[in-house]
Structures are given as structure tokens and as C-alpha cells.
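Novice: I'd like to ask some things about the structure below.
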Amino acid sequence: MSSLSRELPDIFRQSAFFRAQDVYHPYMDWQTLVHDFYPDSLLELTQSQSSITASFYGQMLKQAGELFGLERMQELSSRTFYQHGKSLAQRHMARKPELERNARGITTLVLAAIFTSNPEYRFEILQFDAGHARIRMTGVDRYHRITHALGIDQHLQWPVNGDFFTGLRDELGLAELYAISQQLKYLDESSRCDYEIDIRAI
């Protein structure tokens with residue numbers, strides 16, 4: 001790749017590690033290509049990646065409904081979220097093996113998920129004890145946004161990510177010790193949401 005120009009977007013220069021091995025054809029105006037299609041900022045890059053994640057989820061469910069029946073979409077969604085929760089917990093537990101095995105530990109993993117992969121959510125920690133934690137999540141539900149756009153949201157139970165939190169808990173080895181429930185307080189057609197997660201010792 002040619003040396004990076006100062007006129008290129010800052011986010012492109014900051015992520016040059018990922019693009020350093022790209023090879024353009026000599027006749028290509030690669031700087032114009034970058035200007036036209038590369039995200040202008042970290043915010044735009046993060047939002048774009050989040051939208052792609054949601055789109056993949058929605059399109060997968062729509063195809064599953066067409067191939068196997070609409071009633072299968074909820075099961076596929078639940079299983080996918082559950083396994084994703086377990087995978088995320090494994091990754092963060094490997095990084096932080098001292099993570100508490102209680103409601104605080106589960107809450108910490110929920111926040112880690114928001115930090116790393118769900119920027120549209122805003123959170124408020126309402127309670128943070130070893131035996132009982134409560135989290136309020138507001139903002140935009142990207143999964144509702146895409147499924148509503150695809151006309152399949154009515155075939156799912158909202159919020160759809162409850163099994164994700166169950167996966168976090170189970171991977172921490174707390175399946176028999178803590179119960180997790182999620183309450184839908186508000187969800188409109190623009191996908192603005194207000195959810196509350198309750199984590200408590202059994």
C-alpha cells in the first residue's frame with residue numbers, strides 16, 4: 001500500500017494495522033475510495049459494525065422462518081443468544097479469571113458486552129450486591145430495529161436477549177445459584193426501549 005496521506009480520515013490512519021497489507025491496482029485511486037467508503041469517525045465505524053451485526057441476526061431469522069417455519073425463529077434466536085453469552089463469558093473470564101462468581105460478576109459481564117458490542121444501549125446500575133443486582137437498559141434495541149424493518153418482530157418474544165444473560169450466568173457456574181429475569185418496561189416502533197434485568201440469589 002502507498003504511504004498514508006495526511007488527508008485521509010483519522011480513523012483510517014488509526015486502523016492502519018488492519019489495512020497495511022492491502023494491495024490496490026496501480027490504476028486505482030485508492031485514496032478517493034477510502035474517502036468515499038471508509039467511516040469518517042470511530043462513532044460511524046462502531047455504529048456501522050453494530051448495524052451489520054443486527055442485520056445478520058435479522059436476515060438469518062427471516063431465512064430460517066421461510067425455510068423451517070415462523071415458529072422456529074424464537075428457538076433459533078434464543079439458542080444463538082445463549083451460546084453467544086457463554087462465548088463472551090469464556091473470553092472475559094480468560095482475561096479476568098478473578099471475576100466474582102455472583103450477581104456482581106454477572107453484572108460486570110453484562111457491562112462488558114455493552115462496552116464491546118452493543119453501543120446503542122445505555123445502562124443504569126440500580127443495585128449491585130453479591131446476592132442481588134439490577135440493571136436498567138435504555139436506548140435503541142438494534143435487534144428490534146432490524147426485525148421490525150423485516151416484518152418479523154411479531155414472531156419473537158421481547159426482549160430477545162434474555163438467554164444471552166442466562167448464558168453469562170451459566171458459564172460462570174451459577175446456574176443453580178442465581179435466577180435472572182428481564183422486564184420490558186417500554187418498546188416502541190422506533191425501537192426505543194427500556195428494559196430491567198434482575199439478578200438474584202436463589
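The values are calculated or read from the model by the stated rules, or taken from the named source; none is laboratory data. Since the structure is predicted, the reported quantities are computational estimates derived from the model, not experimental observations. So basically every Cβ, Gly included, is an ideal-geometry build from the backbone, and we count neighbours across all protein chains shown.
Novice: Can you give me the number of residues within the stretch 68-125 that are assigned to a strand (DSSP E or B) and of a type in the set (A, V, I, L, M, F, W, C)?
Specialist: 2
Novice: Now for a separate question. Which one is modelled with the lowest pLDDT, of the residues in the stretch 3-19 that are more than 28 Å from the chain's Cα centre (by Cα) and loosely packed, with under 10 Cβ neighbours inside 10 Å?
Specialist: Ser3
Novice: Yes or no: the stretch 63-76 includes at least one residue that is loosely packed, with under 11 Cβ neighbours inside 10 Å, over 30 Å from Gly162 (Cβ atoms) and at pLDDT 90 or above.
Specialist: No.
Novice: Within the stretch 97-126, can you find the residues that are charged (D, E, K, R) and at pLDDT 95 or above?
Specialist: Glu98, Glu100, Arg101, Arg104, Arg122, Glu124
Novice: Just need a number here: residues in the stretch 127-174 that are among the β-branched types (Val, Ile, Thr), assigned to a helix (DSSP H, G or I) and over 19 Å from Phe115 (Cα atoms). Before the answer, list the steps.
Specialist: Applying the first criterion (among the β-branched types (Val, Ile, Thr)) to the stretch 127-174 yields 135, 138, 140, 146-147, 152, 160, 166.
In the following step, the residues that additionally are assigned to a helix (DSSP H, G or I) were identified as 146-147, 166.
Then keep just the ones that are over 19 Å from Phe115 (Cα atoms); that gives 146-147.
Final tally of qualifying residues: 2.
Novice: In the set Asp198, Asp153, Asp141, which member is acidic (Asp, Glu), surrounded by 15 or more Cβ atoms within 10 Å (Cβ to Cβ), in contact with a Ser or Thr (Cβ under 9 Å, 6 or more places away or on another chain) and farther than 30 Å from Lys96 by Cα?
Specialist: On inspection, the qualifying residue turns out to be Asp153.
Novice: While we're looking at this one, here's another question. Could you please find all residues in the stretch 100-147 being among the aromatic types (Phe, Trp, Tyr) and under 12 Å from the mean Cα position of the chain (by Cα)?
Specialist: Answer for the stretch 100-147, where residues must be among the aromatic types (Phe, Trp, Tyr) and under 12 Å from the mean Cα position of the chain (by Cα): Phe115, Tyr121, Tyr143.
Novice: Oh, and also: Looking at the stretch 96-104, can you tell me whether even one residue there is closer than 23 Å to Thr46 by Cβ and not aliphatic (A, V, I, L, M)? Write out each step before concluding.
Specialist: The first filter runs over the stretch 96-104 and keeps only residues closer than 23 Å to Thr46 by Cβ, leaving 96.
Add one more test, that the residue is not aliphatic (A, V, I, L, M), and what stays is 96.
Yes - at least one qualifying residue is present in the stretch 96-104.
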